[in-house]
1. From Cα pairs below 8 angstrom and at least 6 apart in sequence, can you work out the relative contact order of the range B:1-133, rounded to a whole percent?
2. At 7 Å along Cα-to-Cβ for each site, give me the label-to-label distance between residue B:429 and residue B:211 in nm.
3. Less than 18 Å from a label point 7 Å out along the Cα-to-Cβ axis of residue B:419: which backbone N atoms in the range B:299-343 qualify, by residue?
4. Taking 0.36 nm per residue of sequence separation and subtracting the Cα-Cα distance, how much length would be gained by fully extending the chain between residue A:147 and residue A:80, in nm to one decimal?
5. If you count, for every residue in B:364-376, the Cβ atoms of partner chains within 10 Å of its Cβ, what is the mean?
6. Taking the Cβ-Cβ separation of residue B:64 and residue B:293 as r and a Förster radius of 41 Å, what is the calculated FRET efficiency to the nearest 0.05?
7. Which FRET efficiency value, to the nearest 0.05, do you get for residue B:24 and residue A:120 by plugging their Cβ-Cβ distance into 1/(1 + (r/R0)^6) with R0 = 25 Å?
8. Could you tell me the convex hull volume per residue, in Å³, taken over the Cα atoms of the range B:294-348?
Amino acid sequence: MSTPGRAEVEQFLIEEAALLDRGAWEAWIALFTVDGWYWVPASPAQSDPFDHVSLFFENRPLMLMRAERLRHPRAHGVAAPIRTSRVVGNVQLVGGGDGGDILARSRFHMTEVQDNRQRVLAGTCIHRLAATDEGLRIRVKRVDLVNADTPHEAMQVFI
Amino acid sequence: MDVRTDTSVAALVEDGRANRRIYADPAIFELEMRRIFGRAWLYVGHESQVPKAGDYATATLARQPVIMVRGADGAVRVLFNSCPHRGALVATGRGGHVESFRCDYHGWTFRLDGALQSIPREGDYAGTGFDRACADMRLVPRADSYRGFVFASLAADGPDLAAFLGPAAANLDNMVDRAPDGELEIAGGCFETLQRNNWKIYLENLHDGAHAMIVHQSSFGPGKAAASAAADPLTRFRAEVVAANSQNYEQMGALEVTSYARGHSDMRGFRRAASDEPYYLDYVAKLEERLGKERTEAVLGTQRHNAMFYPGMSVHPVFMQLRVIQPLAADLTRVDIWVLRMKGAPAWMHRRNVAFANTVHSPSSIVKADDLEIYTRVQRGVVAEGEGWLDQRRGTEAAGADGARSTALSEAFIRNQYRAWRDYMAAEA
Ligand code: FES
Ligand SMILES: [Fe+2]
């Protein structure tokens, strides 16, 4: 595929967010390359997912494990469904990565509602994207929450 | 009721049952802060967080702000984090390094041991009756450390730290002994988490083997599937940790739980800890260099899944996790989870333990998500009056050499926690 521009990357990120808002976990996971990683650091500017704890640090088998749990009829934590609404914006291409990858930075706001409780999560996403014959694929999605290092309640769905 | 002298509250707990009021009544919560958290030894931090003179870390004990600081004399002290002038926090943030403390309100400064150093325009106090000798930052009444773990007590009297920890201290010994260099350090950040439940609901779950196959049904199946799909050892390890909750009643009933004096307890391990990965074999070899083969086998063979130091701290010795339980309100509890790094161990040992924390202690843990939901349901349920008492009689216990033996299917450790609760609550304070 020819190198996508900012508009195509933005469209991709909007569609990615829509899959998450719909709870289409498997379709969302399929956007990752087979060796892709999803990472939400627990500290701002965290450089390392191995020697430091992370809010999420999952490859495809672990993402699928989470998706399967979310669909399980006895997943008590989601007995009351979680509904989310994401807005993605400020999309910037921040230079190519290794081997022709695309590095995109964007901002997001996500409102999450469960039962009678509502919270807002917001921050920056860095996507390392590969342009493949099937379209853009995610090698790494890194989500830096503005409140990464404040006390948190449960986070059950992908951000 | 007069919170200082009313001891009738102790009658809300009997051997084998607890009254629903103790989970939701704000007055009882205040009394617990005073009589239990105000007396017990509470974990403050680890000495490795303050290696040099002037290094400090902030903490909260029974909702009160404190500072753990290494003094010029090398001693670690615990000070109340409040200026003796008009009360402002003196240290802010999680920690750092200072030559001396300076309050940012009117600029009073204090030495690392809390002694008043200087007051801008101190002459203004001439003739006012102000006594410089009474203007030091206050030390928390008692502080002590056990093999690097720093504790403090808000009460001037009571058992010393070693007596308080009792035989449960063997769990801290085991953690330190597991390090090839014989030392641990805090490393790799911290999960700060909030639970919408009373602190005691959380403690009652710590060795509850009867809940796992009910509460964790949604995750252990997917865990098994992920373990067989995993292509690398770390992913397999994480998936197996999730799958381990599928233990049946026979397996849980075979897991030994020991209850000690003052509400402490521990439970034998059931998750895979040894491995044939090169880094693990390298680790065992390094440990053998220090301890020899026989002692290494004894140290690694002591497989405790977790240990509870009532009321505010829990450790997973094998995976080097440390949880600090801080009640914030009758229905709100903060739990911070730290990982300790074994000095001298191959890097992947710490990475494995970080992966364990990511799997079971992260706010995103698919295991914990269902526990948290159930704790919330208990909190929401207990306010229903109906039958006023909740039952804790499941399973028996038998006297052992250093504590009472039971299994993960017994509520003996819960009864033990409530004996401690009653002892603390029955004494005026
Ligand atoms: S309150 Fe600290 S100097 Fe005044
Ligand atoms: Fe559990």
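Read-outs: derived from the displayed coordinates by stated rules, not from any lab. Computed from a predicted structure; not experimentally measured. Because the Cβ atoms are built from the backbone with ideal geometry, glycine has one as well, and the counts that use them run over all protein chains shown.
1. Working: 174 pairs, mean separation 17.4, N = 133.
With pairs under 8 Å counted, the relative contact order is 13 percent.
2. Roughly 2.6 nm, to one decimal.
3. Correct set: B:308-311.
4. Values: separation 67, 0.36 × 67 = 24.12 nm, distance 2.48 nm.
Fully extending the segment from residue A:147 to residue A:80 adds 21.6 nm.
5. Numbers: counts 15, 5, 12, 1, 3, 10, 10, 3, 5, 8, 2, 0, 5.
Per residue, the number of nearby Cβ atoms from other chains is 6 on average.
6. Details: r = 47 Å, r/R0 = 1.16.
Efficiency for this residue pair is about 0.30.
7. Values: r = 29 Å, r/R0 = 1.14.
In this case the efficiency is close to 0.30.
8. Details: hull volume 5.5 nm³, N = 55.
For the range B:294-348, the hull spanned by Cα atoms encloses 101 Å³ per residue.
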